[in-house]
1. With labels modelled as points extended 7 Å from the Cα through the Cβ direction, what inter-label distance (nm, one decimal) is found for Asp73 paired with Ala131?
2. If a/c stays under 1.5 just call it rounded; otherwise compare a/b with b/c (prolate if a/b is bigger, oblate if not). Do that for the chain, with a ≥ b ≥ c from the square roots of the Cα gyration tensor eigenvalues.
3. Among Val50, Asn136, Leu118, pick out the residue whose Cα is farthest towards the positive end of the charge dipole of the chain, where Lys and Arg carry +1 and Asp and Glu carry -1 on C-beta, about the Cα centre.
4. Just the number, please: Stokes-Einstein D of region 11-74 in µm²/s, Kirkwood Rh from C-alpha pairs, 37 °C, 0.692 mPa s.
5. What spacing in nm lies between the two simple spin-label points modelled at Ser25 and Ile96, each 7 Å away from Cα in the Cβ direction?
6. Provide the per-residue ³J(HN,Hα) series for region 88-98, in order, calculated from phi with Karplus coefficients 6.51, -1.76, 1.60 and θ = phi - 60°, each as a whole number of Hz, with x at glycine and proline positions.
7. Could you run the Karplus curve 6.51 cos²θ - 1.76 cosθ + 1.60 with θ = phi - 60° over region 16-24 and give me ³J(HN,Hα) per residue in whole Hz, x for Gly and Pro?
8. Could you order peptides 41-49, 54-62, 25-33 by the average number of other Cβ atoms within 10 Å of their residues, highest first?
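Taken together, the values in this text are just the output of simple stated rules run on the coordinates, not laboratory data. Computed from a predicted structure; not experimentally measured. So basically every Cβ, Gly included, is an ideal-geometry build from the backbone, and we count neighbours across all protein chains shown.
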Amino acid sequence: MLNDISRLMRTQFDNRARDLGLTRSQWRVMVFLARSEGVNQSGLAEMIEVDRMTIGRLIDRLEASGWVERRPDASDRRVHRLYLTRAARPLLDKMIVLANDVQEAALEGLSTADRKKLGELLSAIMNNVSARQAANDAELSDGPRAARLGGSGD
């Protein structure tokens, strides 16, 4: 059900955002950049969980549209830092309003108490999934180490 709700909300967002000239992937890049301006492409790719080639193509398109700029890193000539342009700011503001509208439409008819409880329940689910993922990641990273050391990895 969570997946279906997410898919429906993404579709509604995409349909409305199309008029602004951005794809959802481009919007995600801009939101992450607004939170972490000055990040390099590799760091942004990691944050958004896409490969470096994908983020490179997204940044190329955003740069060609005048919404993102690459600036050389002062300490490493091979690295470029990413920044939103002034032209991107009004667009980002519109996208935030759009996202809030889609969310508000999804929550229509829910009382303030219901919305609060829903947030608490979803947070609990996210914490459960995150904890399980962290445990699985730790187990996977200990596995090869334990095999190399011939023991439990302690």
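1. Distance between label points: 3.7 nm.
2. Numbers: a/c = 2.58, a/b = 1.11, b/c = 2.33.
Note, shape of the chain comes out oblate.
3. In the chain, that residue is Val50.
4. The Stokes-Einstein estimate is 268 µm²/s.
5. Roughly 2.6 nm, to one decimal.
6. After applying 6.51 cos²θ - 1.76 cosθ + 1.60, I find 6, 4, x, 5, 4, 4, 5, 5, 5, 4, 4 Hz.
7. 7, 6, 3, 5, 8, x, 10, 8, 4
8. Values: 41-49: 15.6, 54-62: 17.3, 25-33: 19.7.
Final packing ranking: 25-33, 54-62, 41-49.
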